[in-house]
Every structure is written in structure tokens, then in C-alpha cells.
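Here, each number is a calculation from the coordinates, and none is a lab measurement. Note that the structure is a prediction, hence the values are computed from the model and not measured. Cβ atoms come from the backbone with ideal geometry, glycine included; neighbour counts cover every protein chain shown.
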Amino acid sequence: MSDFLLTQVINYGAPVFAILLFLGALGVPIGASVLVIAAGAFSQQGILDWPLAAFLGLVGVVIGDALSFGIGYYAKDWVDNRFGKSPAWRSAKESFEARAGLAIYLTRFLITALAVPINLIAGGSGIKFRRFMVYDSLGEFTWIILYGGLGYLFGSQWELVSEFVSNFGGLILGLAILGIGIWLARRRRRSIENTNEKVPEA
Amino acid sequence: METPTNPKQRSLVTGLVILGLIIVIFFGLRTVRAFREFRGHRPAPPFASEHIETDVSLIRDWMTIPFISKMYHVPSSILFEALEIQPHKNREKSLRQLNEEYYPQAEGIVLEKVKATILANQPQPTPVIPDTPVVP
């Protein structure tokens, strides 16, 4: 994350923190998780008022998520026209809708790199806004309390925590991609086997 | 309609598996390294608001003088004095900005001066009184 942003947070406090989280939720690459850990540490050092920073940060990120959900919602017609007839797209959409709550919740704090794509997909998939907001708010609350709490606990050594958490997030993302790849490969193999069984022997 | 033997589908699946493996190995190694560094440190006692930082290696050039002053419990006036800079209009500038503005020929000098000033002016730790009386 840009050092410039850290300087602005220590100068202007919780409102700037909230604006940055809002931008992060819209996909601006500011390293929001690192910022939350830093904010926790700054609170422990008496620079930020933690309850206020956590509250404003939560409001900022949830508004940002709602907006990116909205972008997905308004792009829905275009996506439906472009991919709507594809069985693969329909199947992916159904699979997502069945597990949307879990996907929204986990991508808020565990696989944060996928948060914005999930917001867009959720907006375009026909999931109700209220349902999205419930899981989103819960996930973002977990994110702020968990990451901010780690920063608070480690205080001036927050950079070590941040380094670990950033890499761990990357590892989880890799595992998720690998998992999806293996799942698709198995599904494809089953599909081929089923097709072969249906072909009558000559 | 796409058939199960669609080469595009096969490429996508293979690509995902390879990409996933690369990311897992790359971040896995970095996570292990970060964990080793992280494990060697203990957090400060929880809710210890009076914890005074003493390790000057934690000072970074994005920090401001008031922030460092609060972190190390050294008055900001002492730090500005050591840098021969007026506090007015400089309180919100980072050490890097101060360096670029006041010492453009000497890169990193502000950071080094601040570290040295902190070391020279840190509050002395409270002496620990022994529990048992000292026998002469």
C-alpha cells in the first residue's frame, strides 16, 4: 500500500480511513486489508479512536460493496444478452446462487482478492439486494474486527502481521483457484464417462 | 452446445490447475517465511495504552513527527529542533517529504536524525525496586 495513504490516515484519522475502504470496495487497489491492520495498530498507539474508525470504516466499505453490487446489477442485461444462452453460464449462475451467502461472507475477509468480482457477479445474478447486504455486512464486520484486532494486538509491530496476512490471503486464493480447477476437472471427467456409457457399442 | 471433450474447456481446466499450483507455491513459501519472522515477536500486553516503544528500527519515512513523538513519548519540539525545521506547516508532512523539502541533497538524513534524537531523548525506564532488602 502506498505510504502516502498511511500518512493521510495518521493525519486525518477515521474519515480518511472510511473513504479509503470505500474506494477499496470499488476495486481501487489500495491494499485495504493492510490498512485495516494499520488502523488497529494506530488505535493501540492512541492515534485513532478505534470504535469510531471501525464504525466509519464499516460504513465506507459496505457502501462501496453496495455500489459495486449495483454495477453488476445494471450490467445484468448486457451479460444475459452476451452469455445468457450458454448452458455453462447458466450452470455457473445456478451454482453461485446456491452458495452465494457463503461466497459473499468468505470473500470479505478470507479471499479478499475475490470480493469485488463476487460483488459484480452477485449484482448480475439476481440475488436480492437485502440478502447480499446481510452477508456482506457480516463479512465486513468480521474483517474489520479480525484484522483490526490483530493490528491492535501487535501495535507498532503491525507490519509483521500485515506481511503474514497478505501472503496467507494469496495462499488461500491459490488454493481456491486450484480447488475450482480440480472440481471442474472431475466434473469434466464424469461428463466424459457418462457420454461414453451412452454411446452404444458397435 | 459444448461437448465434454471441448479443447477450450480442457485448456481452461488445465490453466486453472497450473495457475492455482503456481500461486499456492509462491504464496506458500512467502507465508512460511513471514510466519517465521512473525513467530519471533510477541505482542505488547493487551490494552497497555502506556506501552512506550523503544525500538527505533520501527520508524518509517511515511511517519510524521507528531506520530513518532506520540509513539516514542518524545516531545515533537525536540524532534523539530534536531531537524532544524519549524513545526508550523510541517506537522502533517512525512519524514520523506521533510527530507525532500529541507535536505534534498542528503537522502535519508531526516530518518537517521529522528532515530538518533529518539535514542538520545527517550524517557528512562522506571527502575525496578527489588522485593528483598539488600544486605550490606
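Of all the criteria given as (1) in contact (Cβ under 8 Å) with a residue 12 or more places away in the chain; (2) of a type in the set (S, T, N, Q); (3) surrounded by fewer than 15 Cβ atoms within 10 Å (Cβ to Cβ), the one not satisfied by residue A:81 is (1). Determine whether residue A:185 is more than 7 Å from chain B (Cβ to nearest Cβ) and surrounded by fewer than 20 Cβ atoms within 10 Å (Cβ to Cβ). Spelling it out, it is not the case that residue A:185 is more than 7 Å from chain B (Cβ to nearest Cβ) and surrounded by fewer than 20 Cβ atoms within 10 Å (Cβ to Cβ).
Take residue A:48 and decide whether it is free of Cβ contacts under 8 Å to residues at least 60 places away in the same chain, more than 19 Å from residue A:163 (Cα to Cα) and either charged (D, E, K, R) or more than 13 Å from every other protein chain (Cβ to nearest Cβ) (or both). Here the answer is no, as residue A:48 does not meet what is asked.
Hey, could you check region B:93-115 for residues that are assigned to a loop (DSSP other than H, G, I, E, B) and surrounded by 15 or more Cβ atoms within 10 Å (Cβ to Cβ) and say which is farthest from the other protein chains (Cβ to nearest Cβ)? Explain how you work it out, then say what you get.
Narrowing region B:93-115 to residues assigned to a loop (DSSP other than H, G, I, E, B): B:93, B:103-108.
Now narrow it down to the ones that are surrounded by 15 or more Cβ atoms within 10 Å (Cβ to Cβ): B:93, B:103.
Numbers: B:93: 8, B:103: 18 Å.
Among residues in region B:93-115 that are assigned to a loop (DSSP other than H, G, I, E, B) and surrounded by 15 or more Cβ atoms within 10 Å (Cβ to Cβ), the one farthest from the other protein chains (Cβ to nearest Cβ) is B:103.
Has region A:67-77 got at least one residue that is under 30 Å from residue A:156 (Cα atoms) and of a type in the set (S, T, N, Q)? Taking every residue of region A:67-77 in turn, none turns out to be under 30 Å from residue A:156 (Cα atoms) and of a type in the set (S, T, N, Q). Of the residues making up region A:128-180, those that are without any contact (Cβ under 8 Å) to a residue 40 or more places away in the chain and more than 14 Å from chain B (Cβ to nearest Cβ) are A:128, A:130, A:131, A:134, A:135, A:138, A:139, A:142, A:146. For region A:81-123, the tally of residues that are within 16 Å of the chain's Cα centre (by Cα) and over 16 Å from residue A:176 (Cβ atoms) stands at 5.
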